[in-house]
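Report on one structure; see the data block that follows.
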Amino acid sequence: MHILIIGSGGREHALSWKIRQSQKCENLFILPGNAGTSAIGRNVDIAIDDFERIGEFVLENDIAMMVIGPEAPLVKGIADYFKATQALSHIRIIGPGKNGAQLEGSKDFAKDFMQKYGIPTAGFKTFTKASLDEGLRYLEDLSLPIVLKADGLAAGKGVIIAQSREEASGVLTEMLVEKKFGEASAKVVIEAFLSGIELSVFVLTDGEDYVILPEAKDYKRIGDNDSGPNTGGMGAVSPVPFANHEFMGKVEKRIIQPTIAGLKKDGVDYCGFIFIGLMNVGGDPYVIEYNVRMGDPETQAVLPRIENDLVDLLEAAADKKLKNQNIKINPKTATTVVLVSGGYPGAYEKGFPITGTDSIQETTVFHAGTRLGKENQVLTHGGRVLAITGMGETVQESLEKTYRDVNKISWEKVNFRKDIGQDILRISN
Ligand code: AMP
Ligand code: GLY
């Protein structure tokens, strides 16, 4: 089978790495890919929102399955474009259509959906410019801190946690009136703050049935001990000790099952991943957000723990045969540390040569923002540059392996968190 992966980050390199291991994968293409993916497949230089050219490429190269990594093309309707184009309608697509992608593309839609189907989430109300005064009054009665979310996609920057009512009023006005995030903040969801530990849960569904993939913990802040601004994610650990049988039972019954049943009831034919960002509040799971894709860098810790042939699972999802699939999960702990460009998530420089990856033996190196320079030298080409994943019998062993290799890699102004997994070590000891 010829398989095309859309995207260029660490998540897409990890998907490529896992799909490449399948006997069923004859030819692998990554669009646009990075230096890491070019070593295991063929990179394709087409923009990820140019559906017409992607469609032509798919036909020219006899692609049978397309896996969509990031949310933007899903929200823009890549799956709908393929389904509506006769020559392309037979291609298996892993990723929902525009309607299902609204779970991530509109926070207001997602909150309404959860309310409609009784899925636990923080109390909320949505406001527009026309209801600004009502919104400002609503803030008066909420306890602090207050969470404000731009409705649409805002590159992970659309959530503000305000510590005072004055700050919250300012943010609400900025978003609605000054359009801080453009059209994405034409609507703002104001919600109650949930206090607890976060967890990322991943589901692969064919619209009827589902398999639950290994869960992971993400580290969003740039600095150690969760300090500094938010990033796309600086590390991941899987499994997560509090996600035990009892807790995951609640997640399945209260969140996963009503989500899949709700989508079906609403006539959404959903094939793809659902990433549920949730908060463990005193032993009970609450949904913070839905994403309609895998997480980055969680994928780099989750996929190495899946023992199944991923192409089997993806094919079953596309063919509505997930019911017969059992997932086999490696009990070892995977830890992922992300190496970033100095300055990220603010301004940073690119184009530095990366050294040390040749001497990596115990871990897997996933590329994110990299490109090949002259004589195939690997250069930095983004904020998040590499993700290193190590596996161990214990959290400790896994962390030791990962950091041993992380410390071998270098470039000018490289930065990474030194404390990935330390919180998990504390819980497990
Ligand atoms: P999101 O962009 O929806 O992933 O939100 C970014 C981050 O904001 C989440 O990962 C949480 O850490 C935090 N967050 C979002 N909503 C809430 C909430 N209701 N209570 C506490 N933290 C939240
Ligand atoms: N690591 C969080 C995300 O992928 O959205």
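Each value in this text was obtained by applying a stated rule to the coordinates, not by laboratory testing. Since we're looking at a predicted model, the values are computed, not measured. Cβ atoms come from the backbone with ideal geometry, glycine included; neighbour counts cover every protein chain shown.
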Share, in percent, of DSSP beta bridges within the chain that are antiparallel, nearest 5: 80 percent
Size of electric dipole in the stretch 164-260: Cβ of Lys, Arg +1 and of Asp, Glu -1, about Cα centre, debye, nearest 20: 160 debye
Residue of T336, T205, T364 that the Gaussian network model of the chain assigns the largest fluctuation, springs spanning Cα pairs under 10 Å: T364
Gain upon complete extension [D45, S227; 0.36 nm per residue less C-alpha separation]: 61.8 nm
Alpha-carbon centroids, the stretch 281-332 and the stretch 45-123: separation in whole Å: 18 Å
Leading residue at positive end of dipole, the chain (Cβ point charges), from L142, S185, L59: L142
Sum of side-chain charges, K111 neighbourhood, beta-carbon under 14 Å (Lys, Arg +1; Asp, Glu -1): -1
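To the nearest 20 debye, what charge dipole does the chain have about its Cα centre, counting +1 at the Cβ of each Lys and Arg and -1 at the Cβ of each Asp and Glu?
On the way: 48 positive and 57 negative charges, 34 e Å.
Here the chain has a charge dipole of around 160 debye.
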Diffusion coefficient, µm² s⁻¹, Stokes-Einstein with Kirkwood Rh over alpha-carbon pairs of the stretch 185-238 at 37 °C and 0.692 mPa s: 234 µm²/s
Debye equation applied to the C-alpha atoms of the stretch 91-248, log10 I(q)/I(0) at 0.11 Å⁻¹: -0.54
Ranked by how many other beta carbons lie within 10 Å on average, peptides 341-354, 15-28 from highest: 15-28, 341-354
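Mind ordering 255-263, 31-39 by average Cβ neighbours within 10 Å, highest first? Don't jump to the answer; show the numbers that get you there.
Values: 255-263: 18.9, 31-39: 24.0.
Going by the mean number of other Cβ atoms within 10 Å, highest first, we get 31-39, 255-263.
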Cα lying deepest toward the dipole's positive end in the chain, options F242, I161, I288, charges on Cβ: F242
At 0.692 mPa s and 37 °C, Stokes D of the stretch 290-429 from Kirkwood alpha-carbon radius, µm² per second: 197 µm²/s
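Are any of the pairs K18/K253; K18/K332; K253/K323; K187/K217; K149/K323 more than 24 Å apart by Cα-Cα distance, and if so, which? It would help to have the intermediate numbers written out before the result.
Details: K18/K253 29 Å; K18/K332 17 Å; K253/K323 17 Å; K187/K217 29 Å; K149/K323 36 Å.
K18/K253; K187/K217; K149/K323, as the Cα separations exceed 24 Å there.
Want the number for D358 to K83: 0.36 nm per residue separation, take away the alpha-carbon distance, what's left? List each step's numbers first, then the result.
Values: separation 275, 0.36 × 275 = 99.00 nm, distance 4.30 nm.
Fully extending the segment from D358 to K83 adds 94.7 nm.
First obtain the Kirkwood hydrodynamic radius of the stretch 362-420 from its Cα pairs, then insert it into the Stokes-Einstein equation at 25 °C and 0.890 mPa s, and state the resulting D in µm² per second as a whole number.
Values: Rh = 12.5 Å.
It diffuses with D of about 196 µm²/s by this estimate.
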Label zone at E140 (point 7 Å along Cα-to-Cβ), backbone N below 15 Å, the stretch 168-199: 169
Range of Cα positions in the chain per principal axis (Å), largest first: 61, 50, 44
Over the stretch 15-112, relative contact order from alpha-carbon pairs under 8 Å, at least 6 apart, %: 19 percent
Cα pair distances of the stretch 167-265 binned at 5 Å [whole percent]: 2, 10, 13, 14, 16, 18, 15, 10, 3, 0
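Could you work out the equivalent-ellipsoid semi-axes for the stretch 225-315, taking the square root of 5 times each eigenvalue of the Cα gyration tensor, largest first, in whole Å?
On the way: eigenvalues 102, 72, 46 Å².
Taking √(5λ) for each Cα gyration eigenvalue gives 23, 19, 15 Å.
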Added length on full extension, which subtracts the Cα-Cα distance from 0.36 nm per residue, K157 to R404: 85.7 nm
Inter-site label distance for Q396 and N376 at 7 Å from Cα along Cβ, in nm: 4.1 nm
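What is the Å³ per residue value for the convex hull set by the Cα atoms of the stretch 86-146?
On the way: hull volume 9.0 nm³, N = 61.
So the per-residue Cα hull volume is 147 Å³.
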Net charge of neighbours whose Cβ lies under 11 Å from the Cβ of T126, counting Lys and Arg as +1 and Asp and Glu as -1: 0
